[in-house]
Amino acid sequence: MTTNIVLIDDHKLFREGVKRILEFEPTFEVVAEGNDGSSALQLVEQYKPNVVLMDINMPNINGVEATSELIKHHPEVSVIILSIHDDENYVTHALKSGAQGYLLKEMDSNALIEAIKVVSEGGSYLHPKVTHNLVQEYRRLSEVSTSQVAERMVEYRKPLHLLTRRECEVLQLLADGKSNRGVAEALYISEKTVKNHVSNILQKMSVNDRTQAVVTAIRNGWVEVV
């Protein structure tokens with residue numbers, strides 16, 4: 001089944017580079033491209049893509065505004081924001097607008113392909129560096145909230161009642177912001193094995209994607225955040 005993609009970015013050279021990467025994936029097809037938010041709305045209406053790759057900083061209508069409007073009229077379309085900003089404020093605004101993915105433009109080709117596959121199947125995908133920053137911010141806010149109530153120690157416990165020891169290790173590395181490749185290198189296992197572990201973790205924790213898994217793990221004290 002072909003995944004139809006609309007690419008929106010105001011830098012033509014960047015668009016051409018992304019298109020070259022996507023051409024190597026036989027199930028991907030870039031059906032249209034545009035250079036601002038207003039063209040995104042028109043192109044989605046015309047081509048009915050599965051996924052939109054949306055630059056966040058563009059003239060006229062920016063990526064966040066365009067995503068919000070797009071999702072309002074076409075909720076079936078998955079949007080991945082492309083950005084140079086790893087600040088949690090940018091990420092939060094993008095996710096609130098309805099985006100299902102957030103990638104930094106420093107991404108490698110594997111991350112781009114994986115992100116498109118994940119969101120086209122209904123999941124969410126955040127660049128590992130972005131995930132790490134969100135975790136850090138969540139931890140900071142949690143510490144502030146906790147200190148306002150009372151000073152207490154949070155017991156660190158592995159969810160061995162739910163996950164295997166290896167799955168606990170994978171979950172910890174996801175919380176550290178590791179990509180599948182990073183987890184594979186850290187544990188000396190293949191990326192395919194990592195994907196199997198992640199799939200098992202999501203199923204056992206009853207969550208839809210790795211971001212939800214990390215947030216749930218933090219809330220329950222199942223991972224260490226440093």
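The values are calculated or read from the model by the stated rules, or taken from the named source; none is laboratory data. Since we're looking at a predicted model, the values are computed, not measured. Neighbour counts run over all protein chains shown; Cβ positions are idealised from the backbone, glycine included. Accessible surface areas use protein heavy atoms only, side chains included; no ligands, DNA or RNA. Shrake-Rupley method; radii C 1.70, N 1.55, O 1.52, S 1.80 Å.
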Give me the three principal axis extents of the chain from the C-alpha atoms, as integers in angstrom, largest value leading. 54, 41, 28
Relative contact order of the chain: what whole-number percent is it, with Cα pairs under 8 angstrom and at least 6 residues apart? 14 percent
Order the following by accessible area, largest value first: PHE14, PHE24. Probe radius 1.4 Å; ligands, DNA and RNA are ignored. PHE24, PHE14
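Under unit Cβ charges (Lys, Arg +1; Asp, Glu -1), what dipole magnitude, rounded to 20 debye, does the chain have relative to its Cα centre?
Using only the charged Cβ atoms, the result is roughly 820 debye.
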Charge sum, other residues only, whose C-beta stays under 13 Å from THR216's C-beta, Lys/Arg counted +1 and Asp/Glu -1: +2
Find out how many positive minus negative residues lie around PRO128, taking Lys and Arg as positive, Asp and Glu as negative, among other residues whose Cβ is under 13 Å from that of PRO128. -2
Measuring from label point to label point, each 7 Å out along Cα→Cβ, what is the THR2 to LYS192 span in nm? 2.8 nm
As a test of the formula, what do you get for the chain when each DSSP H run with n ≥ 4 contributes -39,500 (n - 2.57) and the sum is divided by the residue count, at 222 nm and rounded to the nearest 500 deg cm²/dmol? -16500 deg cm²/dmol
Relative packing of peptides 122-131, 103-112 - highest average C-beta neighbours within 10 Å first: 122-131, 103-112
Measure of size requested: the Rg and Dmax of region 165-220, with Cα atoms as the atom set and Å as the unit; please supply both. 10.2, 29
For region 42-58 and region 99-129, write down the distance between their C-alpha centroids in whole Å. 15 Å
At 0.36 nm per residue, minus the direct Cα-Cα distance, what do HIS85 and GLN203 gain on full extension? Give it in nm, one decimal, please. 39.3 nm
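Treating only the Cβ of Lys, Arg, Asp and Glu as charged (+1, +1, -1, -1), what charge dipole size does region 165-220 show about its Cα centre? Round to the nearest 20 debye. Could you put the intermediate results ahead of the total?
Numbers: 9 positive and 6 negative charges, 22 e Å.
So the dipole magnitude of region 165-220 works out to roughly 100 debye.
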With a sphere of radius 13 Å drawn around the Cβ of GLY98, what net charge do the other residues whose Cβ falls strictly inside it have (Lys, Arg +1; Asp, Glu -1)? -1
Label-to-label distance, nm, for residues given as LYS117 and THR164 (7 Å Cα→Cβ offset): 2.1 nm
Pull up the cross-link candidates among the lysines for LYS117, meaning alpha carbon to alpha carbon under 28 Å and not fewer than 8 places away within one chain. LYS12, LYS19, LYS48, LYS72, LYS96, LYS105, LYS129, LYS178, LYS192, LYS195, LYS204
Contact order relative to length for region 31-122, counting C-alpha pairs under 8 Å separated by 6 or more residues, stands in percent at 26 percent
Probe 1.4 Å, protein heavy atoms only - accessible area per residue of the chain in square angstrom: 53 Å²
Based on the alpha-carbon gyration tensor of region 3-127 and its eigenvalue square roots a ≥ b ≥ c, which shape applies: rounded if a/c is under 1.5, prolate if not and a/b is larger than b/c, or oblate? rounded
Protection proxy ranking, peptides 30-36, 93-99, 3-9, average beta carbon neighbours within 10 Å, highest first: 3-9, 93-99, 30-36
Site THR92, offset 7 angstrom along Cα→Cβ, radius 17 Å on amide nitrogen, limited to region 195-226, gives 215
